[in-house]
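Enquirer: Encoded as structure tokens, here's the structure I'll be asking about.
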Amino acid sequence: MKINIAGAATTKFGELWRRSPRDLIKEAANNALDQAKMKPFAVEAVFVGNMLSSSLGNQDHLGAFFAEELGMPVAAMKIEGACASGGLAVHSAVMAIQSGLYETVLVLGVEKMTDHKPEEVAQMLMGAGTDAEREAGATFPGLYAIMARCHMQKYGTTEEDMAQVAVKNHYHASLNSHAQFVFPVTLEKVMKSPKVADPLKLLDCSPITDGAAAVILTKIKNNEVNIIASAVATDTLGLSEREDLTGLKAVRVASQKAYQMAGISPKEIDVAEVHDCFTIAEIMAMEDLGFFEKGKAARAITSGKTKLGGSGPIINTSGGLKACGHPVGATGVKQIVEIYNQLKGIAGRKQVEGAKIGLTHNVGGSGATAVVHILKKD
């Protein structure tokens, strides 16, 4: 499998109160088209990753909505899979191209969240949970706090270990002009931030964000960066039915499929964008993706192995969901953009030297959906 990435772009992520979803999509899509040196008529289909347009924006017909805005009267559809919507949109485009149905596809990811009260957004996000979780008053910080407690109990992971994830990712975001939080934070600041769901603190949690991202995928060989694996796996919707709460089974299954598809091992990954919706999520991802043994990822992060300049793999050079921001439908597409830029060697101050193989890891809900892509520089 080899799908070329012809162009890729994101908007600024953050509290973009004066920008509409139309504005954001036009910026990201037009910049991706310019990079690909393509006109809109070259696109044969549009896939849009989004979770909350219906509940927060009163518009669920996003395929036609954005195809009209971009002047692309082609096959267009919305793809939804909670916070993995963007990754699933990329996966759907890969399948569509592989099938021979289309040659060139535009993938968009977008979310407009900050126009609404945080409690409204939290309630809408729990649409990705179970009835039992909602009836119990659970939120995603609460669910990931349960997983954090289990990981701490089984492997000795500490609150300081989790805080180090935030410190690293904020440092990376300080090098990214498109990030929501372009400033570093100290370990002390993370540890002293207010508790959200014990042991998770405010600075252990990704923010509410607006933003959009776009990638153009094609069969035409006009670029040296390719998607060489695209895999999806699912698990139970809720936590109570799972055998182990110290990791995500869907991530392990999807990553194993992706490594097999690409013909590589985890040790060959140079740079990765992972779904750090909470700091514990990055620690679990490092282990589920096979980068470190169970119980050893936290120490590796604290020692600086995954930070720019470390021995690698280098993780979340964009700042991740934690500091770059998490406009949920756009996140999985943004991850592809970041790895594309890294493999092209155009990531600027956050460039990983000599990066040739990269991975993206996008998760929906508390781990019910996982999407893993592997990209390679030819």
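Enquirer: What number of residues in the range 236-279 are buried (at least 20 other Cβ atoms within 10 Å of the Cβ) and not in a loop (DSSP other than H, G, I, E, B)?
Expert: Looking only at that region, the number is 12.
Enquirer: May I pose another question? Filter the range 232-255 for residues that are more than 18 Å from GLU287 (Cβ to Cβ) and not charged (D, E, K, R); which is nearest to the chain's Cα centre (by Cα)?
Expert: Step by step, filter the range 232-255, then rank; the result is VAL232.
Enquirer: Among (1) in contact with a Leu (Cβ under 6 Å, 6 or more places away or on another chain); (2) surrounded by fewer than 23 Cβ atoms within 10 Å (Cβ to Cβ); (3) more than 30 Å from THR11 (Cβ to Cβ), which single condition is MET147 missing?
Expert: (2)
Enquirer: I'm told VAL190 meets every condition in (1) surrounded by fewer than 22 Cβ atoms within 10 Å (Cβ to Cβ); (2) touching a helix residue (DSSP H, G or I) at 6+ places or on another chain (Cβ under 7 Å); (3) without any contact (Cβ under 8 Å) to a residue 60 or more places away in the chain except one. Can you identify the failing condition by its number?
Expert: Against the list (1) surrounded by fewer than 22 Cβ atoms within 10 Å (Cβ to Cβ); (2) touching a helix residue (DSSP H, G or I) at 6+ places or on another chain (Cβ under 7 Å); (3) without any contact (Cβ under 8 Å) to a residue 60 or more places away in the chain, VAL190 comes up short only on (1).
Enquirer: For the range 14-116, give me every one of the helices (runs of 4 or more DSSP H) that falls completely inside it and has 2 or more residues that are crowded, with 22+ Cβ neighbours inside 10 Å, at pLDDT 95 or above and small (Gly, Ala, Ser). Lay out the reasoning, then the answer.
Expert: Working: elements: 21-36, 53-57, 62-70, 85-98.
In the range 14-116, 21-36, 85-98 are the helices (runs of 4 or more DSSP H) which contain 2 or more residues that are crowded, with 22+ Cβ neighbours inside 10 Å, at pLDDT 95 or above and small (Gly, Ala, Ser).
Enquirer: For the range 339-352, does any single residue satisfy the condition of being within 17 Å of the chain's Cα centre (by Cα) and either modelled with pLDDT under 95 or more than 23 Å from LEU175 (Cα to Cα) (or both)?
Expert: Within the range 339-352 (the criterion being within 17 Å of the chain's Cα centre (by Cα) and either modelled with pLDDT under 95 or more than 23 Å from LEU175 (Cα to Cα) (or both)), the answer is no, since none of the residues qualifies.
Enquirer: Kindly check whether there is at least one residue in the range 306-313 that is among the small types (Gly, Ala, Ser), in contact (Cβ under 8 Å) with a residue 24 or more places away in the chain and touching a helix residue (DSSP H, G or I) at 6+ places or on another chain (Cβ under 9 Å). Don't jump to the end; show me each part of the working.
Expert: As a first pass, look at the range 306-313 and keep what is among the small types (Gly, Ala, Ser): 309-312.
Filter again for in contact (Cβ under 8 Å) with a residue 24 or more places away in the chain, leaving 312.
Going one step further and asking which of them are touching a helix residue (DSSP H, G or I) at 6+ places or on another chain (Cβ under 9 Å), we end up with none.
No: the range 306-313 contains no residue that is among the small types (Gly, Ala, Ser), in contact (Cβ under 8 Å) with a residue 24 or more places away in the chain and touching a helix residue (DSSP H, G or I) at 6+ places or on another chain (Cβ under 9 Å).
Enquirer: Within the range 280-289, take every residue that is more than 14 Å from the chain's Cα centre (by Cα) and assigned to a helix (DSSP H, G or I) and give me the one that is surrounded by the most Cβ atoms within 10 Å (Cβ to Cβ). Give the derivation first.
Expert: Of the range 280-289, the ones more than 14 Å from the chain's Cα centre (by Cα) are 280, 283-284, 286-289.
With the extra rule that they be assigned to a helix (DSSP H, G or I), the set shrinks to 280, 283-284, 286-288.
Working: ILE280: 28, ILE283: 31, MET284: 29, MET286: 28, GLU287: 23, ASP288: 29.
The extreme case among them is ILE283.
Enquirer: Only one residue in LYS305, LYS376, LYS294 is over 22 Å from ALA145 (Cβ atoms), in contact with a Gly (Cβ under 9 Å, 6 or more places away or on another chain) and assigned to a loop (DSSP other than H, G, I, E, B), so which one is that?
Expert: On the way: LYS376 fails: assigned to a loop (DSSP other than H, G, I, E, B); LYS294 fails: over 22 Å from ALA145 (Cβ atoms).
Just a single option satisfies the conditions, and that option is LYS305.
The values are calculated or read from the model by the stated rules, or taken from the named source; none is laboratory data. Because the structure is a prediction, the values reported are computed rather than measured. Ideal geometry is used to build each Cβ from the backbone, glycine not excepted, and the neighbour counts take in all protein chains shown.
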